[in-house]
Structure formats: structure tokens, C-alpha cells
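Reading through the C-alpha cells given below for one structure.
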Amino acid sequence: MRQSFPMDSALGVVFALGGAAILQQALAMQTLPGMNVGPGLFPSIVGAGMAIMGVALTIQGWIVRDTPEDEAQPLVTWFAVGIVVALAVTTLAMPYLGFLVAGTIFSVVIVLMSGGKWLPAIIFSPIASAGIYYLFMSGFRVPLPRGILG
Amino acid sequence: MTHLKTLAGALALSVLAIAPAAAQYPDHAINLIVPWAAGGGTDATGRIIATLLEKELGQPINVINRTGGGGIVGHTEISYSPPDGYTLGVITTELSMYHWTGVSPLNYENYEPIALFNADPEAVFVRTDGPSIEDLLSEIRANPGSVKASGANLGGMAHLGWAGVLVTNEIDPAAAPWVPSEGASASLQLLASGAISVVTTTMPDARPMVDAGEVKPLIVAANERVAAAPDVPTAEEALGNKWAAYAWRGIAAPKGLPEDVKARLAEAMDKVVNSQEFKDFMAQRNFGIDYRDAAGFEAFLKDADESIGKALQAVGLAK
Amino acid sequence: MDAFALAVGLVFNAETLITIFLAAVFGLFVGAIPGLTATMATALLVPITFYMAPIPAIAAIISCTAMAITAGDLPGTLLRIPGTPASAAYVEDSYRLAQNGKAGLAIGIGVVGSVLGGLFGFLFLLFTAPMLAKVALGFSSFEYFWLAVLGLSCAALISSGGLVKGALALLLGLFIAQVGMDPLTATPRFTFGNLELMGGISFIPIMIGMFAVSEVMRAGRRAMAEVPQMNLKNPFEGTLGALWKYRKNQVRGSVIGSLLGALPGVGGDLAAWITYSLAKRTSKEPEKFGKGHPEGLVEAGATNNAALSASWIPAMVFGIPGDAVTAIAVGVLVMKGLDPGPTLMTLHPENFYAVMIVFAIANILMLPLGWVAAKSARWIFEVPRALLNAAILLFCIVGSYSINNSMFGVWLMLGAGIVAYVLEARMIAIAPIILGIVLGPLVETNFTTSMMIADGNLLGFFGRPVAAVFGVATLLIWAVSIYRTVSDARNARLEAAGHA
């Protein structure tokens with residue numbers, strides 16, 4: 001498959017730029033009095049390494065760009081995006097709604113998205129959320145957000 | 001969906017409205033924030049306090065390790081928590097240092113001190129076949145830079161303890177450079193493996209290695225000899241210059257705690273610290289008990305803040 | 001041998017044995033839940049041990065930890081959520097095996113291999129503990145630095161995508177480990193003034209996000225393995241055959257695990273990675289690794305538990321705990337008047353042997369408990385995929401939350417899931433990222449400490465004999481790998497040109 005710009009090279013450019021940014025930040029860190037090495041030394045090494053390897057990946061991706069590869073499934077699927085959005089919304093809402101409510105709604109959404117039916121979703125979700133909630137709250141003393149049911 | 005949200009909102013408001021009708025403190029579980037990792041000395045003492053305090057107050061106490069940033073994350077979280085008595089914390093020596101070194105504006109005024117329960121002096125250790133304290137200091141004077149010391153992070157209590165020994169004996173702290181490490185056990189390992197020459201840390205932290213015959217204490221930076229090692233001289237006895245550096249731990253709440261809650265907690269802590277179980281635990285682990293009530297702890301913190309500020313300035317770490 | 005007889009009496013009584021059993025069940029339970037760690041299980045046990053006699057107290061902690069760590073392989077195998085950094089080394093193989101309908105075999109190899117490795121570690125300890133501890137004590141920051149770099153190099157160089165992609169994954173992990181406050185000077189790095197970031201990024205939400213969330217994103221719509229799941233009468237079927245076939249790996253994994261485990265702080269996490277890569281390097285069919293091949297699983301699984309037993313050596317003999325679990329255990333030992341340290345061996349050898357026997361019992365207990373767990377594991381495959389997705393993600397949320405009891409962990413998990421989803425699509429392995437996060441602080445502190453000791457002279461890193469050997473070995477591995485990558489690329493190019 002011929003691409004105008006290979007994916008690996010694109011990723012390599014991202015890594016190279018990221019490495020350069022890390023390097024730039026790390027070099028700005030100050031050495032503390034009485035130390036010949038500062039907190040910026042190790043990050044500089046990592047940043048430089050990442051920049052070099054990023055360039056290497058860009059070149060490598062370019063060299064092998066004509067090699068055919070097993071076509072993977074498309075990267076951006078509505079399902080993957082849906083999972084991310086559902087997780088993000090749940091994370092935002094949980095401190096206000098509490099784990100029980102937010103977790104139940106989230107669970108219903110995920111079951112439906114994954115091709116489940118309404119009935120199992122409605123039965124399963126509250127039970128799963130409550131089970132996990134009480135297991136962690138009383139069993140492991142993890143203070144999950146109580147929210148509106150607190 | 002929107003209906004559900006409106007309903008939920010209304011429900012939340014009504015719950016909020018009822019909430020302030022508080023019953024007798026405490027009526028539900030209390031969180032105790034420990035700013036250091038599970039397994040360390042602060043965690044161990046925090047957990048025993050939690051267990052005993054649970055009995056006194058009749059409500060469960062959850063120990064939460066909020067680690068990171070040399071204790072800053074946990075300390076900050078304690079100071080930010082609502083001052084309702086349901087979030088307490090163990091505060092430690094490092095609190096007196098943050099604002100001096102400029103890493104965080106936190107200081108003792110952000111807290112409501114409840115009780116100090118532990119203080120241990122820093123002691124100086126060398127390998128069992130190592131030199132005496134006098135020989136060690138003359139070596140540093142003769143060959144600056146040849147002796148390397150460690151104990152914990154840069155600018156921590158262990159570092160100050162060592163710098164103080166040097167400064168009180170008129171040696172430039174740079175003549176025996178500090179090698180920062182993750183903590184006492186890492187430093188003791190460096191000492192035992194022969195990579196460095198000196199470690200400063202507290203007696204309980206070094207106990208196993210002393211018993212193993214790998215390292216020995218030379219002096220303890222304390223006002224008087226410690227019960228855990230009665231034959232180790234104080235800095236003043238050995239060198240003629242007074243120098244004391246204590247690492248401490250205490251219980252505190254966020255600033256603005258209601259007076260009645262504070263009184264209840266102080267009373268409970270008084271019983272806990274004076275209980276036989278607590279004394280046995282501390283003695284077994286070689287921790288020194290230094291109990292001060294709320295007022296005493298506040299005065300102690302004020303003192304510590306000043307003296308540590310001076311010491312940090314002497315080492316050149318204060319901003 | 002009087003001491004040994006005394007020790008047998010200390011252990012073989014109703015109180016101790018019941019404690020061991022209950023603690024093992026508890027450990028199995030905690031370890032099998034994604035996001036909960038052996039450290040957490042141990043910390044929860046401590047208040048209970050206050051009310052126990054010394055030997056049952058320490059027995060409870062040992063059997064709970066051993067079981068929790070082994071059980072940590074279960075969510076890895078079934079759901080691709082590794083329980084410990086060590087099990088992340090071989091999670092690809094065990095998960096693929098399960099997806100191919102061989103979950104029983106994967107769990108069986110994990111459990112039986114662990115038991116054998118653990119028992120080997122026990123025997124090894126019994127004879128060499130004091131000597132091994134002495135050697136471990138001679139290791140300074142220089143040796144630790146090289147050892148950690150060696151482990152990291154192994155993880156990067158064996159990963160499936162090749163050298164460049166492996167190295168990038170590793171560097172990304174090392175970078176993530178640097179976010180937060182520098183462990184030695186408390187300087188904030190890459191935190192942008194954010195208080196949560198100042199606390200650093202824990203590997204657990206990252207691990208959950210990278211392995212589990214990305215897997216749901218990718219495969220959540222796909223039906224579960226259509227293959228009939230495992231033999232119901234004997235879930236461990238084929239285990240012994242696999243172990244016998246790879247007996248060399250079993251023995252080598254146990255030996256290396258026992259040796260590396262004795263190094264405080266490094267052993268447990270690192271050993272399994274080193275032996276997994278060793279297995280791949282010496283294998284006749286390295287191309288099968290990471291795709292559901294039992295060979296690496298056998299070796300790394302054995303290593304894991306051998307290292308776990310051995311990690312108690314420095315704690316018992318010198319009172320130097322290597323990780324949070326042994327640190328808590330040392331605390332309990334001291335509280336019960338069993339001061340760890342050489343006096344434990346001379347004054348109270350019966351206590352030392354009693355601890356050793358508890359190890360053996362805890363390891364043997366894994367067989368029946370692991371069998372039951374494997375047998376019930378098939379339930380996972382009977383849950384409809386839609387419900388399973390929801391349950392996995394709920395556990396992911398709670399597990400990430402419970403690390404610091406804050407929603408921040410959940411955000412980290414989500415971000416890590418997205419990153420891993422993209423990287424894996426381009427054949428960049430996730431495992432080196434996790435190891436980079438776990439070992440990053442160790443590499444850095446030992447590097448900085450060594451630089452301070454050597455006054456900034458890099459030759460100082462080769463100044464001590466053991467450090468020099470590790471250092472040269474590491475550099476050689478890299479040199480060979482880079483040479484191979486470059487010459488492979490050139491050959492491929494020439495071949496392509498020839499065809500054209």
C-alpha cells in the first residue's frame with residue numbers, strides 16, 4: 001500500500017518533537033547548590049534519546065514505506081471514540097453524581113454500545129455498580145465518591 | 001436524561017440543606033492522611049495511632065497514604081481538606097522546611113496542631129571498621145571532598161543533621177558533600193557497600209544494620225543521650241559544641257477546626273499516646289516518644305520553624 | 001536441627017494453619033481484582049495482625065502476599081489487566097493463550113510454575129540466605145544502576161516492533177516516571193504547577209489504561225473467543241507437559257529469580273523481565289513470543305515466585321526491606337519482638353525456619369486455590385461480551401481511583417488508554433513503557449547518586465568490578481542489537497532493490 005506520508009514517520013516526528021520539548025524544558029532546570037548534577041540531567045538524556053529515536057523512526061518509516069503491511073482495522077472507530085467519550089463524561093460527573101449513579105449510567109451506556117440489549121443492561125448495571133461500590137467501600141476502605149446518594 | 005439530572009440536582013440540594021444538623025462528633029469514619037509511603041516509619045506510627053484512636057473515638061479511621069513530592073502532596077492535601085474533624089493527618093519534620101527551600105508555601109500556620117507524638121534525633125554512622133568522630137573530622141579538614149555523606153534527600157533533616165555537625169565544628173559543609181538518596185535504607189546500603197563514608201539518620205532507621213554489625217553510631221545530635229543507644233555520646237559530649245537535630249511526627253488537622261472537635265481529638269490523643277499499647281509499640285521499634293499537647297505542639301512547631309530556617313541558611317539551601 | 005523441629009511445632013498448629021489458609025484466600029481475592037495490589041492487601045492485614053501471636057501474624061502476611069502476586073496473573077490472563085509490573089512482562093502470551101481457548105493452560109502454567117519456582121526459592125534460601133544477603137549488601141548505587149539499565153534494555157530490545165520502537169516505548173516510560181517531584185531534590189518537573197502531577201504518575205492507572213482500556217477500545221465489539229473454553233474436569237490439562245517440555249526454562253528462571261530477588265528494591269519487578277527476554281533470545285522459535293507461546297510464560301512465571309521468596313532475604317537477614325510489602329512485614333516482625341537482622345539467625349533460628357516453612361506451605365496452598373480459581377475462571381467467558389465490557393471498565397475506573405483516592409487516577413488511565421491504542425496500532429509495545437515507569441526512579445536516583453559519588457566522572461561507573469561487568473554487558477547488548485538492526489535494514493533494502 002502506498003501512502004503519501006507513512007504513519008510510522010508521522011509518529012516518529014511526534015516523538016522527535018516531544019523529545020526536543022522535553023530536552024528544552026530539562027535544560028532550563030537549575031542545579032542546586034552543592035551538587036554537581038542537577039534534576040535536569042536525567043530528563044535531558046531521556047529527551048535527547050527520544051528526539052534521536054524519533055528521527056530514526058521517521059527515517060525507518062520512510063525507508064520501508066513501500067513494503068506492504070497487513071492492513072489493520074481502521075484506527076478511529078465510532079466504538080473506540082464512544083468508549084473514550086463515555087469514560088470522560090463519567091469521570092467528570094462522578095464527583096457530583098457519586099459512583100453508584102454515575103457508574104450505573106455508564107454501565108448501561110457501555111452495554112448498549114457493545115451490542116447488548118436494554119433489559120440485561122438495566123438489570124446488570126445497578127447490580128454491578130452496587131457490588132463494586134460495597135466491595136471497595138467496606139471491604140477495602142476506598143472512599144469512592146458518594147455524590148447525591150451520600 | 002434531562003429529567004433525571006434535574007431530579008438529581010434537586011436531590012443534591014436537599015441533602016446539602018439537611019447536612020449541617022451535625023450530631024455528636026464523630027458520627028462517621030475519619031480519614032487519616034499519611035504523606036509518606038506504606039511501610040515507612042510515618043506509616044507504621046500513623047497506623048498504630050489510627051488503630052488506637054479508633055477505639056477512643058468509636059468510629060473507623062481510614063489511613064490514606066498520599067505520597068509524593070517529598071511529602072508535599074500529602075501535607076498540602078491535609079491543609080486543603082475541610083476543617084470538620086473528618087480529615088486528619090500525620091505531619092512530619094519536612095513541614096518546617098518547605099517554605100524555606102521555596103518548594104511550597106506551606107508552613108505550620110496552615111494547620112491546627114493536635115498532638116506531637118514522636119521525635120528522634122539524627123545520629124552519625126560509619127562502617128564498623130570506620131574512624132572515630134575526631135579522625136573523621138580531621139580527614140574532612142585535611143582532604144575536602146574525599147568524605148561523602150548521605151542519609152536522605154537534599155535539604156532534609158538528615159542532611160541538616162550532618163551539615164550542623166560540620167558547621168558547629170567550623171568546617172565548610174561543602175568539604176564533605178551530601179549525596180542525596182531516596183532514604184535511610186538506601187543510604188545505609190551505600191555505606192555498607194563502601195561507596196560512601198558517612199550516613200546520618202535516626203537510631204530506629206539504622207537499628208538493623210547496627211545489630212548486623214555493619215555500621216556503628218559515633219554521635220547523636222541530641223540534647224541528651226537516647227534510651228535506644230545509651231552509650232553513644234551526644235555531639236556536645238564528643239566535640240564540645242552543642243548541636244541537636246530532631247526528626248518528628250505529630251497529628252494535625254486543617255486550619256479552622258471547631259474548638260469542641262479539637263478538644264475531643266486532643267483528649268483522645270492524650271489517652272492514645274499515654275496508653276501502654278502505644279508505649280510498647282514505640283519502644284519495640286526504637287521510636288522515641290515525645291508527647292506534647294495541642295498548645296505545646298504549636299509552640300514546638302514555631303520553634304522548629306525558626307531553628308530550621310537558620311540551619312538551612314547556613315547550608316545555603318534557603319531561598 | 002533442634003531449631004528446625006521447634007519451627008515445625010510453631011507452624012503446624014491449628015491457629016497458624018488456619019491463619020495461613022484464610023490469609024491465602026484473602027490474598028487470592030485481592031490479587032484477582034484488577035487494580036488492587038499485594039501492598040494494599042498487606043496494609044489491610046496489618047491492623048488485624050496486631051491481635052495475633054508473632055508467627056501467625058507474619059504467616060498471614062507471607063501467605064497473603066504470595067497468593068496475591070500469583071493471583072495477579074488471573075486478570076492479566078483473562079482480561080489483559082496485569083496485576084503486577086512483573087506479570088506485565090508475559091501478559092501478552094498468557095492473554096493470547098486464553099483468547100485461543102487455553103486459559104486453563106495459561107493459568108496452570110502460571111500457578112504450577114510459580115509453585116515450583118517458589119519452592120525452589122525456599123530451598124535455595126534455606127541454605128544460602130546469610131551468604132546471599134552478604135553479597136547483596138555489597139551492591140552500591142553503581143551496581144544497581146547497571147542492573148536496572150540491563151533490565152530496561154532487555155525489555156526494549158526484545159519487544160516485537162524492533163529496536164527503534166522498543167527504545168521509544170522505554171523512553172516514553174522513563175519520561176512519565178519523571179513527571180512530579182524529583183525524588184532526590186524535590187524539584188518539581190513537568191508539573192506545570194498542577195498539584196496532582198506533583199505527586200507523580202503511578203504506574204497502576206497507566207498499566208490499567210494501556211492494557212485494559214485500549215483492549216476494550218480495540219476488541220470490545222468483537223465476539224469473545226469462539227473456541228470452546230478449556231477442559232472442565234481438569235482446567236490444568238497440558239500444564240505438566242508444557243512444564244516438562246520447557247524444564248530448562250523452569251530451572252533457569254528459578255535460579256535467576258532467586259539470585260536477583262535477593263537484591264533489595266530491584267529483584268521482584270525486574271527478574272521476570274530479564275528471564276522472559278532470556279527465554280526469547282535462547283528460544284528455537286522466538287517469533288512465537290508475545291502471541292500465546294508458553295515458553296516465556298514458564299520461565300518468567302517461575303522467576304516471579306522464586307524472586308518473591310528471595311526478596312525476603314535482605315529483609316530477614318539485615319532488616320533492609322526491598323519493597324513496600326517487605327517493609328510492612330519488617331514492621332510487623334519488629335512489633336512482635338522478632339527483630340529482623342542477624343540476631344534472628346543466631347538467637348532465634350527457629351523463628352527464621354518457621355518463616356521459611358510458612359513460605360513452603362503458602363506455595364503449596366497455591367495449587368488447590370489456583371485450581372479452583374482456574375476452574376471458575378471459565379465463567380468469565382460465559383458472560384456476554386457487552387456486560388463484560390461494562391464490568392471491566394467499572395473495575396478499571398475504581399482500580400485507578402483507589403491508588404490516590406482521586407479522580408486524577410481515572411484521567412491518567414483514560415489518557416494512557418488512548419496513547420496505547422494509537423501506539424499499538426503501529427506495533428509499538430506497551431510493556432517497556434510500564435517497566436520504564438516502574439524502574440525510572442530507580443535508574444535515575446542511582447544514576448544521580450553515583451554521579452555525585454564519582455564527582456561527575458563517567459568512568460566511575462566502571463570503577464567497581466561488579467559494576468564494570470554489568471556495564472560492559474549492557475553496552476555490548478546494545479552494540480550488537482544496533483548492528484543487527486542496521487544490517488537487517490540494509491539487507492532488506494538490497495533485497496528490495498534486487499527484486500525491482
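At-a-glance table
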{"read-out": "Using θ = phi - 60° and Karplus 6.51 cos²θ - 1.76 cosθ + 1.60, couplings along the stretch C:246-261 (whole Hz; Gly, Pro as x)", "value": "10, 4, 4, 4, 4, 5, 4, x, 5, 5, 5, x, 4, 6, 5, x"}
{"read-out": "Structure-based [θ]222 nm, chain C - -39500 (n - 2.57) summed over DSSP H runs of at least 4, per residue, nearest 500", "value": "-24000 deg cm²/dmol"}
{"read-out": "Length released on extending from B:GLN24 to B:SER132, taking residue separation times 0.36 nm less the Cα-Cα span", "value": "33.0 nm"}
{"read-out": "Folded to 0 to 90 degrees: helix B:294-315 orientation relative to chain B principal axis, Cα", "value": "40 degrees"}
{"read-out": "Label-to-label distance, nm, for residues given as B:LYS242 and B:LYS302 (7 Å Cα→Cβ offset)", "value": "2.0 nm"}
{"read-out": "Gyration tensor verdict on chain A (Cα atoms; rounded if a/c is under 1.5, prolate if a/b is larger than b/c, oblate otherwise)", "value": "oblate"}
{"read-out": "Nearby lysines by direct alpha-carbon distance to B:LYS262 (threshold 16 angstrom, same-chain neighbours under 8 apart not counted)", "value": "B:LYS271"}
{"read-out": "Within-12-Å neighbourhood charge of B:GLY46 [Cβ basis; K, R +1; D, E -1]", "value": "+2"}
{"read-out": "Theoretical FRET efficiency, 1/(1+(r/R0)^6), r = Cβ-Cβ of A:VAL76 and C:GLU495, R0 35 Å, to 0.05", "value": "0.55"}
{"read-out": "Per-residue ³J(HN,Hα) for the stretch C:201-212, Karplus 6.51 cos²θ - 1.76 cosθ + 1.60, θ = phi - 60°, Hz, x for Gly and Pro", "value": "10, 6, 6, 5, x, 5, 4, 4, x, 5, 8, 7"}
{"read-out": "Above-threshold pairs, the threshold being 26 Å between Cα atoms, out of B:LYS216/B:LYS242; B:LYS148/C:LYS134; C:LYS284/C:LYS375; B:LYS148/C:LYS336; B:LYS242/B:LYS310; B:LYS148/B:LYS302", "value": "C:LYS284/C:LYS375; B:LYS148/C:LYS336; B:LYS148/B:LYS302"}
{"read-out": "Distant-in-sequence amide H partners of B:LEU218 (H built 1.01 Å from N, under 5 Å)", "value": "B:VAL124, B:PHE125, B:VAL126"}
{"read-out": "Relative contact order computed over chain C (Cα-Cα under 8 Å; 6+ residues apart), in percent", "value": "27 percent"}
{"read-out": "Mean Cα-pair separation over length for chain B, i.e. relative contact order, pairs under 8 Å, 6 or more apart, %", "value": "25 percent"}
{"read-out": "Quotient of Cα Rg and 2.2 N^0.38 Å for chain B, N being how many residues it contains", "value": "1.12"}
{"read-out": "Other protein chain Cβ atoms within 10 Å, averaged over every residue that makes up C:190-197", "value": "3"}
{"read-out": "Contact order relative to length of the stretch B:121-239, as percent, for alpha carbon pairs under 8 angstrom and 6 or more apart", "value": "38 percent"}
{"read-out": "Contour minus Cα-Cα distance for A:ILE127 and A:VAL89 (0.36 nm per residue)", "value": "11.6 nm"}
{"read-out": "Surface/4 estimate of mean projected area, convex hull on alpha-carbon atoms of chain C, nm²", "value": "25.4 nm²"}
{"read-out": "Overall form of the protein assembly as shown per C-alpha gyration tensor (a/c, 1.5; a/b vs b/c)", "value": "rounded"}
{"read-out": "Amide H within-cut-off set for B:ALA247, under 5 Å, with H built and near neighbours excluded", "value": "B:ASP120, B:GLU122"}
{"read-out": "Listed residues B:ALA247, B:ALA295, B:ALA163, most fluctuating in chain B (Gaussian network, C-alpha, under 10 Å)", "value": "B:ALA295"}
{"read-out": "Most mobile listed residue (B:SER132, B:SER181, B:SER96) in chain B, GNM with C-alpha springs under 10 Å", "value": "B:SER132"}
{"read-out": "Amide H contacts of B:VAL63 (H built 1.01 Å from N, under 5 Å, at least 5 apart or other chain)", "value": "B:LEU32"}
{"read-out": "Distance between modelled label sites at C:VAL480 and C:GLU287, nm, 7 Å Cα→Cβ extension", "value": "2.1 nm"}
{"read-out": "Rounded Å value of the spacing that divides the Cα centres of the stretch B:159-194 and the stretch B:69-121", "value": "25 Å"}
{"read-out": "About the Cα centre, charge dipole magnitude for the protein assembly as shown (Lys/Arg +1, Asp/Glu -1 at Cβ), debye", "value": "3120 debye"}
{"read-out": "Theoretical ellipticity at 222 nm over chain B - DSSP helices of four or more residues, -39500 (n - 2.57) apiece, nearest 500", "value": "-13500 deg cm²/dmol"}
{"read-out": "J(HN,Hα) series, the stretch B:100-117, from Karplus relation 6.51 cos²θ - 1.76 cosθ + 1.60, nearest Hz, glycine and proline x", "value": "6, 7, x, 7, 7, x, 4, 8, 4, 6, 7, 10, 10, x, 10, 6, 8, 10"}
{"read-out": "Counted charge near C:ARG484, where neighbours are those whose Cβ lies closer than 13 Å (Asp, Glu -1; Lys, Arg +1)", "value": "+1"}
{"read-out": "Theoretical ellipticity at 222 nm over chain A - DSSP helices of four or more residues, -39500 (n - 2.57) apiece, nearest 500", "value": "-23000 deg cm²/dmol"}
{"read-out": "Segment B:ASP260-B:ALA37, length gained on full extension (0.36 nm per residue, minus Cα span)", "value": "77.1 nm"}
{"read-out": "B:ALA142-A:ILE52 FRET efficiency (beta carbon distance; Förster radius 51 Å; 0.05 resolution)", "value": "0.65"}
{"read-out": "Average beta carbon contacts from partner chains per residue of B:140-152, 10 Å cutoff", "value": "1"}
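Each value in this text was obtained by applying a stated rule to the coordinates, not by laboratory testing. This one's a predicted model, so the numbers in the text were calculated from it and none came from an experiment. FYI the Cβ positions are ideal-geometry reconstructions off the backbone, even for glycines, and counts take in every protein chain you see.
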